[in-house]
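Worksheet: the structure to be examined is printed underneath.
Values quoted throughout were computed directly from the atomic coordinates according to the rules given, and no laboratory measurement underlies them. Note that the structure is predicted; figures quoted are calculated from it, not measured. All Cβ positions, glycine included, derive from the backbone under ideal geometry; neighbour counts span all protein chains shown.
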Amino acid sequence: MSDQKSDKKSFESILRKSFSRVLDAAAGFFLGLGIKPNHITLAGLVGNIIAATLIGSGHLLWGGLTAALMGPLDALDGAMARRLGTPTRFGAFLDSVIDRYDELLLLGGVLVYFTRESSPNGIYLTYAAAAGSVLVSYIRARAEALGFDGKVGLLGRVERYIILVLGLLLNRTVYSVGIIAILGNVTAIQRLLYVRKRAAGSVRQD
């Protein structure tokens with residue numbers, strides 16, 4: 001499978017395509033108000049700080065609802081930048097950095113919650129989930145820096161976000177972080193092996 005095909009079939013790209021009309025309409029509305037893409041990115045960060053605070057204080061449902069409302073903002077800022085026709089390299093960089101903060105903030109809130117609840121299993125699984133999430137993102141960045149596709153594997157950022165939010169909404173947070181802990185690290189290994197295979201193929205072709 002080529003790198004281009006794997007990107008087209010990613011869950012994130014399918015979601016973006018399915019809701020493209022809604023995103024374009026929302027992008028036009030906010031741009032008409034003078035709001036910039038980076039403003040939306042930072043608004044999402046503030047919202048996830050609030051969500052993490054709610055989760056850490058034990059309000060899982062409200063934290064999950066807040067996080068769920070912040071999720072679409074990640075797609076909206078990109079749609080706004082494309083509509084402007086002037087996406088900047090710093091804007092893309094900022095969006096990527098804030099994505100990492102958003103995810104770790106929510107997992108940090110979950111970690112605080114399990115600490116307050118004296119749940120060792122929850123603490124261990126949340127740490128493993130955070131470690132897997134960081135590794136998945138890091139391996140993607142390093143792979144793409146080498147010219148390889150970095151989006152392969154079972155669990156990308158959007159899938160992790162949805163699983164975590166569902167766990168919060170259904171009060172099954174330990175199961176959601178457990179799934180992320182296992183499949184997130186499996187994804188990291190998948191990407192590592194994929195890059196190894198592609199790199200070996202590149203050497204043979206040279």
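With a bin width of 5 angstrom, please list the P(r) values of segment 109-206 as percents of all Cα-Cα pairs, from the 0 bin to the one holding the largest distance.
For segment 109-206, the binned pair fractions read 3, 14, 21, 20, 14, 10, 7, 5, 3, 2, 1, 0 percent.
Taking neighbour Cβ counts within 10 Å as the exposure measure, how do Val186, Val97 sort from fewest upward?
Val97, Val186
Give me the orientation-averaged projected area of the Cα convex hull of segment 14-133, in nm², one decimal.
Spelled out: convex hull of the Cα atoms, projected over all directions, averaged, 8.0 nm².
Normalising by the residue count of the chain, find the relative contact order in percent from Cα pairs under 8 Å and 6+ residues apart.
The value is 23 percent.
Given H placed on each backbone N at 1.01 Å, which residues far from Leu154 in sequence or on other chains put an amide H within less than 5 Å of it?
It is Thr187, by chain and number.
Give me the compactness ratio for segment 3-205, meaning the Cα radius of gyration over 2.2 N^0.38 Å.
1.07
Counting other beta carbons within 10 Å of each Cβ, put Asp102, Asp24, Asp149 in order, fewest first.
Lowest to highest Cβ neighbour count: Asp24, Asp149, Asp102.
Sorted from fewest to most neighbouring beta carbons within 10 Å, what does the list Met80, Met70 look like?
Going from sparsest to densest Cβ surroundings: Met70, Met80.
Set the Förster radius R0 to 45 Å, insert the Cβ-Cβ distance between Val97 and Ser118 as r into 1/(1 + (r/R0)^6), and round the FRET efficiency to 0.05.
E between Val97 and Ser118, to the nearest 0.05, is 0.85.
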